[in-house]
Amino acid sequence: QVHLVESGGGLVQAGGSLRLSCAASGRTFSMYAMGWFRQAPGKERDFVIGISRSGSTYYADSVKGRFTISRDNAKNTVYLQMNSLIPEDTAVYYCAARSSVVLTTSSDTYNYWGQGTQVTVSS
């Protein structure tokens, strides 16, 4: 079992930055591939960015060059650094964990989810 808690969301102006954190419970955090997803009102939950157990990363095209993901296994935490934010980034951001060596972009393949944190980018 893994319990995930996101933090760091808020309101920011376009062009600004935010860093989201996702703290995980449990002693096997390093064994999980981690992903960030987002869901805007009336839209599906979409993959944003992910990091494998080995540290490999994968980005959605919409955030390449602006968002980065990192993990600190000693702190059981994964981070999402968001720069050059645009209004289209406005959404609830969810952290997710997948008990696998393979990093995927499908939300159906993730076993555990956080409660989400709101990110609002004003124009």
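The values are calculated or read from the model by the stated rules, or taken from the named source; none is laboratory data. Since the model is a prediction, treat every value here as computed from it, not as a measurement. Cβ sites come from the backbone with ideal geometry, for glycine too, and all protein chains shown count toward neighbours.
General remarks:
- All told, residue 25 falls short of being of a type in the set (Gly, Ala, Ser), modelled with pLDDT of 95 or more and closer than 12 Å to residue 97 by Cα.
- Tabulated pairs, segment 68-90, first on the phi > 0 side of the Ramachandran plot, second in a loop (DSSP other than H, G, I, E, B), C-beta under 7 angstrom, 6+ apart or interchain: 84/15; 84/66
- Residue 106 fulfils the conditions (1) buried (at least 19 other Cβ atoms within 10 Å of the Cβ); (2) under 16 Å from residue 48 (Cα atoms) except for a single criterion, (1).
- Evaluation of residue 70 against (1) small (Gly, Ala, Ser); (2) modelled with pLDDT of 95 or more; (3) under 22 Å from residue 109 (Cα atoms); (4) part of a loop (DSSP other than H, G, I, E, B) (one fails), failing number: (4)
- Test result for residue 28, closer than 20 Å to residue 2 by Cα and surrounded by fewer than 15 Cβ atoms within 10 Å (Cβ to Cβ): yes
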